[in-house]
1. Going by what's in this entry, would residue A:25 be described as of a type in the set (Gly, Ala, Ser) and either within 25 Å of residue B:113 (Cβ to Cβ) or surrounded by 13 or more Cβ atoms within 10 Å (Cβ to Cβ) (or both)?
2. More than 10 Å from DNA strand C (Cβ to nearest atom), more than 14 Å from chain B (Cβ to nearest Cβ) and crowded, with 19+ Cβ neighbours inside 10 Å: which single residue out of A:74, A:81, A:93, A:64 fits that description?
3. Take the conditions assigned to a loop (DSSP other than H, G, I, E, B) and either more than 18 Å from residue A:114 (Cα to Cα) or without any contact (Cβ under 8 Å) to a residue 24 or more places away in the chain (or both) and apply them to residue B:119. Does it pass?
4. Output yes when any residue across segment B:78-91 is closer than 14 Å to residue A:92 by Cβ, out of contact with any Pro (no Cβ under 9 Å at 6 or more places or on another chain), modelled with pLDDT of 95 or more and of a type in the set (A, V, I, L, M, F, W, C), and no when none is.
5. May I ask you to verify whether residue A:69 is more than 16 Å from residue B:115 (Cβ to Cβ), within 13 Å of DNA strand D (Cβ to nearest atom), in a helix (DSSP H, G or I) and β-branched (Val, Ile, Thr)?
6. Please specify each residue of segment B:48-59 satisfying the condition of being within 9 Å of DNA strand C (Cβ to nearest atom) and more than 12 Å from residue B:18 (Cβ to Cβ).
7. Taking segment A:2-51 as the region of interest, how many residues are within 14 Å of chain B (Cβ to nearest Cβ), within 16 Å of DNA strand D (Cβ to nearest atom) and assigned to a loop (DSSP other than H, G, I, E, B)?
8. Looking at A:14, A:18, which is the one that is over 19 Å from residue B:7 (Cα atoms), free of Cβ contacts under 8 Å to residues at least 40 places away in the same chain and within 19 Å of the chain's Cα centre (by Cα)?
Number of protein chains: 2
Amino acid sequence: MEWAFADDRPIYAQIVEQIEMGILSGECPAGSALPSVRALALEAEVNPNTVQRAFLELESLGLVRTHRTSGRTVTEDGELVMAVRRRTAQGRVERFLADMRSLGFDAAQAVSLLAEAAGQQGCSVLGSEPKDVR
Amino acid sequence: MEWAFADDRPIYAQIVEQIEMGILSGECPAGSALPSVRALALEAEVNPNTVQRAFLELESLGLVRTHRTSGRTVTEDGELVMAVRRRTAQGRVERFLADMRSLGFDAAQAVSLLAEAAGQQGCSVLGSEPKDVR
DNA sequence: TCAATTGTATTAAGTACTTAGTACAATAAT
DNA sequence: ATTATTGTACTAAGTACTTAATACAATTGA
C-alpha cells in the first residue's frame, strides 16, 4: 500500500477508507492479519494515535476484529463485507450522478462521458451547453 | 439555494463548491450579482468571515469579480467558465472510476451500474465478486 | 450632504485533528 | 520466568477552522 494522504480531510478518515477499500475489494481477504498500530504508523509515517483512531472506526463498522495481544484481523463475516460493498458502490454512483447534475449534465450525458472515459465509444458532450436540470 | 453543510469538510470549501457549481451549470449567469458577504452569512447561517474566505477563493479561481462597494458578480469570461466546467467534469469522471476500481469493479461494470442507476436498462453486477484490478 | 451598504481587517476564543512522549496490561514467544 | 509485542490510555502542544465582536474605508443612493 502507498499511504498517500490529501490535506483536505482528516488522516484517520483516509486510513479508514483505504483499509476499508482493501477489505471490500478482496485485497485483504477475510481473516487476514492487519498491521499493528505501531507498524502501520511507521509505514504510513503518521502518529500511532492516528492509526489507533482509524482502527477503532473500522471495528465499529464491524470490518475488523481485535485480538488483545496478537493484532487485528479482517472480519470473517463475508455477508457483511458484501453488503457494505454494495452499499458503498451505490453511494458512489449516486454521488457521481448528483455531481454531474450540479455541473449541468443530465443522467444520459453522465453515462456518455463515463463510457467515453472508460475506453468505450461515445461522442463527447463535454463541450455542450449546461442543461437546466433543477 | 439550500446551504446545507456536511461536517467532514471546511464550511468555506463547501460554499466555494456550491457557488462554483452554480456558475458552471449556468444557474448563476455571467455578470449576475452574488449576495453580499453579510447577506450570504445570514442566509447560510455561518460567520461572515467564513463567507469572506470562500469568496476570496472564488476570486482566485477567476470565477468571481469584486466591485469595491457594490458587491460581487460572476465573471463574464464565458471561455473560462466552460474550461473549468470541462475540467471539473473530467475530474469527477476519473474520481468515480478510481473509486469503483478500489471497490473491485472494472470500468465496464462501473458503466453498467451507472446506466442502471440512471434509469436505463442493464443487468446488475452489484452482487458479483470483486475483480482483482490491481 | 448624509446615511446605508459594501468589502476588508483585526483580535480573541473554542473545537477538532495531529503529533510527541510516556506508560500500563495482556499475551505470545523464547 | 523472561522478553518482546500487542492494544490501550493519558497529557501536552501546535495548527487549522469557525465563530464572535468590532472597526474602518469606499462608494452608492436618497
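The values are calculated or read from the model by the stated rules, or taken from the named source; none is laboratory data. Quick caveat: nothing in here was measured; it's all calculated off a predicted structure. Using ideal geometry, Cβ is built from the backbone for each residue, glycine included, and neighbour counts are taken over all protein chains shown.
1. Yes: the conditions hold for residue A:25.
2. Being more than 10 Å from DNA strand C (Cβ to nearest atom), more than 14 Å from chain B (Cβ to nearest Cβ) and crowded, with 19+ Cβ neighbours inside 10 Å holds for just one of A:74, A:81, A:93, A:64, which is A:64.
3. Yes, satisfied.
4. From segment B:78-91, those closer than 14 Å to residue A:92 by Cβ are none; that's our starting set.
Looking for residues that are closer than 14 Å to residue A:92 by Cβ, out of contact with any Pro (no Cβ under 9 Å at 6 or more places or on another chain), modelled with pLDDT of 95 or more and of a type in the set (A, V, I, L, M, F, W, C), one finds none in segment B:78-91, hence no.
5. So residue A:69 fails the test.
6. Filtering segment B:48-59 down to residues within 9 Å of DNA strand C (Cβ to nearest atom) leaves B:48-49, B:51-52, B:55-56, B:59.
Within segment B:48-59, B:48, B:49, B:52, B:55, B:56, B:59 meet the criteria.
7. Count: 6.
8. Working: A:14 fails: over 19 Å from residue B:7 (Cα atoms).
Result: A:18 is the single residue among A:14, A:18 that is over 19 Å from residue B:7 (Cα atoms), free of Cβ contacts under 8 Å to residues at least 40 places away in the same chain and within 19 Å of the chain's Cα centre (by Cα).
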